[in-house]
1. Quick check for me: using +1 on Lys/Arg Cβ and -1 on Asp/Glu Cβ, what's the dipole size of the stretch 5-65 about its Cα centre, in debye to the nearest 20?
2. Take the alpha carbon gyration tensor of the stretch 77-214, find the square roots of its eigenvalues, order them as a ≥ b ≥ c, and report rounded if a/c is under 1.5; if not, report prolate when a/b exceeds b/c, else oblate.
3. Could you tell me the center-to-center distance, by alpha carbons, between the stretch 160-206 and the stretch 37-106 in angstrom?
4. Kindly provide the helix-only [θ] at 222 nm of the chain, computed as the sum of -39,500 (n - 2.57) over DSSP H runs of four or more divided by all residues, to the nearest 500 deg cm²/dmol?
5. For the stretch 1-152, what is the largest minus smallest coordinate of the Cα atoms on each principal axis, given in angstrom and ordered from greatest to least?
6. For the chain, what is the percent of antiparallel DSSP beta bridges, rounded to the nearest 5?
7. If I compute solvent accessible area with a 1.4 Å probe over the protein chains, what percent of it on the stretch 199-247 is carbon and sulfur?
8. Can you spot the aspartates and glutamates whose alpha carbon is less than 15 Å from K18's alpha carbon? Ignore those fewer than 8 places along the same chain.
Amino acid sequence: MEAEAGTPALLEATDLHKSYGSKQVLTGVTLSIRRGQVKAMLGPSGSGKSTALRLINLLERADKGTITLDGESLGTVARGGREVPASERVLAKQRQEVGMVFQHFNLFPHLTAVRNVMSGLTTVRRISRAEARERAMAMLERVGLGQFADSYPAELSGGQQQRVAIARALVMEPKLMLFDEPTSALDPELVGEVLRVMESLARDGMTMLVVTHETSFARRVADEVMLFDSGAIVEQQPPELFFENPLHERTKEFLRHVH
Ligand SMILES: Nc1ncnc2c1ncn2[C@@H]1O[C@H](COP(=O)(O)OP(=O)(O)OP(=O)(O)O)[C@@H](O)[C@H]1O
Ligand SMILES: [Mg+2]
């Protein structure tokens, strides 16, 4: 899982700022992830974790700061020697490079699992239905749900629905996967199956940024763990150090609450 030191960053977010009205939500977030690396993001409610992911996934624009993915700047295009905001068409294309899995899976209730997974391929990518179905089936197998391809979301457990959502993101072949508390809405006995799928993705070399409260998952799977607080990254360390020997008082205090 550990990406080689010295490999260039796949994701580079620099000095991201975001306010809603007079409320400063991100106050200068800088983070980078190398190819194949897994980073876990911990932090109290309201600290700006989801906002940071939404900026990286281009669901919202930063007020200030830059994001590059695989060397390409996201959300802007170069024109006449300057970076200007990208058009919706360019944004839509750039969004495809980043997969996102939310707490609430938002599957289409009227579509079977396989059709949920196919939908991005046929509508956005314009891939033939036969080819899309084949790729979607392979992805459902990947998350252990091959035999549920023709089930509707209402016929699946929360854990199974979340695995369909993961397959739906993966089938688009993203360079980076973002997870925003993917297990928080699940019954405790269903958390493990989703974490196991995520762990196997990490093992296969997927680059991942995971907002989670699952500290044992972060400890086991993440290459680095960061603490987010009040719109900024307070601390970022390999898991052994983060959990056993944190540098900052804020981290110690946070860990006292989650343990
Ligand atoms: N669209 C919005 N308009 C106004 N305020 C917002 C908006 N989105 C987020 N906020 C505010 O920004 C702050 C950070 O929110 P965010 O959802 O990023 O936090 P979070 O760390 O993900 O919290 P949680 O752990 O509860 O998911 C919160 O105070 C929230 O109320
Ligand atoms: Mg959140």
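The values are calculated or read from the model by the stated rules, or taken from the named source; none is laboratory data. Keep in mind the model is a prediction, meaning the values are calculated, not measured. We place every Cβ from the backbone using ideal geometry, glycine too, and count neighbours over all the protein chains shown. Heavy atoms of the whole protein, side chains included, go into the accessibility calculation; ligands, DNA and RNA do not. Shrake-Rupley method; radii C 1.70, N 1.55, O 1.52, S 1.80 Å.
1. 120
2. oblate
3. First find each Cα centre; the distance between them is then 19 Å.
4. The per-residue figure over the chain is -10500 deg cm²/dmol.
5. Extents along the principal axes: 46, 41, 39 Å.
6. Counting DSSP beta bridges with both partners in the chain, the antiparallel share is about 60 percent.
7. The nonpolar share, carbon plus sulfur, comes to 45 percent.
8. E60, D63, D229
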